[in-house]
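The values are calculated or read from the model by the stated rules, or taken from the named source; none is laboratory data. Bear in mind that the values here come from a model prediction, so they are computed numbers and not experimental data. Heads up, the Cβs are rebuilt from the backbone with ideal geometry, glycines too, and the neighbour counts pull from every protein chain shown.
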Amino acid sequence: MSLDSIDHYPVMLEEVIDHLIDDRKIIDCTFGGGGYSSEILKRFSKSRVIGIDRDDAVYNFAKDLKTKYPNRFNFHNIKFSELSTIEDLSLVDYFIFDLGVSNFQLKDMSRGFSFHSHSKLHMGMGLNNFNAYDLLNQISEKDLKFILKYFGDEKFCSQIAKKVIDYRTDKKIITASQFSEIINSIKFQKGRSNPSTKSFQAIRMVVNQELTEIYKSLSYIIENSKKNSVIIVVTFHSLEDLLVKKIFNFYGKKLSISRYLPDKTKIDQLPIEIVTKRPLQPTKLEIEKNPSSRSAKLRVIKKLMNPSIKLQREDLNMEKYFNLESLDV
């Protein structure tokens, strides 16, 4: 399937654009189909954009923009947690994250994101340590149950985990459609949502270590970017949004950091300003045009100063998720 034949919808584009001004350096941390980058380059004639993405399938999109804006656009095939390898953050004004899965990834049957894919299970977004095939065929029943429970909020997590283990005693789970059939033998479809949706989402998040990537990148940017730099994050999943909110609150709210600062006079010197006191959400019109945007939330912060403290993973009280993402598969 040609990527050029698949529509790309930069979610909450106008809301993102509203937080930018021209003649700045911007890193599009989740380049994808290039929706944000292309629009920024078109509207802001003096700005420079660096696109990064872990998926090398987006090279054609990046190549087109490089041809059109040779002096104002560059692309790097890296994870966004690896920002420090390609750019001095003290030179960057804006960091933009769209944490959704791209349409071309979901619709490419060879990637194994689709319930109907007969290709070998993968679900990797690029530069992965393991894939869905490895995970489902090697993981313990207990760990699989917790992945489905914590990452997918799957009520049938125990039954599905047991069925997967029973199934693979006779043969490997090779394709996404096989995994979907296992789930469908336990769950019946209610409404429009496919019974496999939650389980596929959970496996995808762990395969791509999505929460770990968010934690590493946002904490690093906040601690190493320059004064007045801005971070814009669009989330689609409640768990991702919870993590982003916790990271921003850790640096941006008095109660989050006062226990680290015995000197009461320093409590008001917070390292970031939370610009969006409440997350922005798509308009009704955008949801009508692009229903997949309905769960999107946009959060924005501004760096005020270097933090006096460093965020430790344990401070987020989400170790059960991080530990599952770091399983030795």
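Of the listed requirements (1) in contact with a Gly (Cβ under 9 Å, 6 or more places away or on another chain); (2) among the small types (Gly, Ala, Ser); (3) under 30 Å from Asn184 (Cα atoms), Ser114 misses just one: (1). Tallying residues that are in contact with a helix residue (DSSP H, G or I) (Cβ under 8 Å, 6 or more places away or on another chain) and in a loop (DSSP other than H, G, I, E, B) within the stretch 269-294 yields 5. Among residues of the stretch 1-29 that are modelled with pLDDT under 75, those with a Cβ under 6 angstrom from a residue that is of a type in the set (D, E, K, R), sequence gap 6+ or separate chain, pair up as Met1/Asp108; Ile6/Lys107.
Here the condition is being on the phi < 0 side of the Ramachandran plot and buried (at least 18 other Cβ atoms within 10 Å of the Cβ); of Met125, Met109, it holds for Met125 alone. Scanning the stretch 12-42 for residues that are charged (D, E, K, R) and closer than 19 Å to Ala62 by Cβ, we see that the one that is surrounded by the fewest Cβ atoms within 10 Å (Cβ to Cβ) is Lys42.
The residue that is farthest from Thr212 (Cα to Cα), counting only those in the stretch 77-91 that are part of a helix (DSSP H, G or I) and of a type outside the set (Val, Ile, Thr), is Leu91. Condition check for Ser258 on (1) at pLDDT below 95; (2) farther than 23 Å from Leu91 by Cβ; (3) part of a loop (DSSP other than H, G, I, E, B): one failure, at (3).
Quick one: in the stretch 158-176, of everything that is among the small types (Gly, Ala, Ser) and modelled with pLDDT of 95 or more, which residue is surrounded by the most Cβ atoms within 10 Å (Cβ to Cβ)? Spell out how you get there, then give the answer.
Step one: list which residues in the stretch 158-176 are among the small types (Gly, Ala, Ser), which gives 158, 161, 176.
Filter again for modelled with pLDDT of 95 or more, leaving 158, 161.
Numbers: Ser158: 16, Ala161: 23.
Here the residue is Ala161.
Take the residues in the stretch 92-120 that are in a helix (DSSP H, G or I), of a type outside the set (Lys, Arg) and more than 20 Å from Ser238 (Cα to Cα), then tell me which one is modelled with the highest pLDDT. Going through the qualifying residues, I end up with Ser110. Within the stretch 129-147, can one find any residue that is in contact with a Cys (Cβ under 9 Å, 6 or more places away or on another chain), surrounded by fewer than 23 Cβ atoms within 10 Å (Cβ to Cβ) and not in a strand (DSSP E or B)? The answer is yes; a qualifying residue exists. Scanning the stretch 35-43 turns up no residue that is assigned to a loop (DSSP other than H, G, I, E, B), out of contact with any Leu (no Cβ under 8 Å at 6 or more places or on another chain) and assigned by TED's automatic domain parsing to the domain that holds Ile301.
Conditions tested, residue by residue: (1) over 22 Å from Leu298 (Cα atoms); (2) touching an Asp or Glu at 6+ places or on another chain (Cβ under 9 Å); (3) charged (D, E, K, R).
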position: Gly33; (1), (2), (3): no, yes, no
position: Ser38; (1), (2), (3): no, yes, no
position: Phe61; (1), (2), (3): yes, yes, no
position: Glu87; (1), (2), (3): yes, no, yes
position: Leu99; (1), (2), (3): no, yes, no
position: Lys107; (1), (2), (3): yes, no, yes
position: Ser117; (1), (2), (3): yes, yes, no
position: Met123; (1), (2), (3): yes, no, no
position: Gly126; (1), (2), (3): yes, yes, no
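In this structure, Asp315 does not qualify as assigned to a loop (DSSP other than H, G, I, E, B), under 30 Å from Ile139 (Cα atoms) and either modelled with pLDDT of 95 or more or over 19 Å from the mean Cα position of the chain (by Cα) (or both).
If you take the residues of the stretch 220-237 that are aliphatic (A, V, I, L, M) and in contact with a helix residue (DSSP H, G or I) (Cβ under 7 Å, 6 or more places away or on another chain), which of them is surrounded by the fewest Cβ atoms within 10 Å (Cβ to Cβ)?
So in the stretch 220-237, the residues aliphatic (A, V, I, L, M) come out as 221-222, 230-234.
Subsequent filtering for residues that are in contact with a helix residue (DSSP H, G or I) (Cβ under 7 Å, 6 or more places away or on another chain) retains 221-222, 231-233.
On the way: Ile221: 22, Ile222: 25, Ile231: 26, Ile232: 25, Val233: 28.
Ranking the candidates gives Ile221 first.
Can you say whether Lys155 is loosely packed, with under 15 Cβ neighbours inside 10 Å and free of Cβ contacts under 8 Å to residues at least 12 places away in the same chain, as far as the supplied structure shows?
Numbers: loosely packed, with under 15 Cβ neighbours inside 10 Å: yes; free of Cβ contacts under 8 Å to residues at least 12 places away in the same chain: yes.
Yes.
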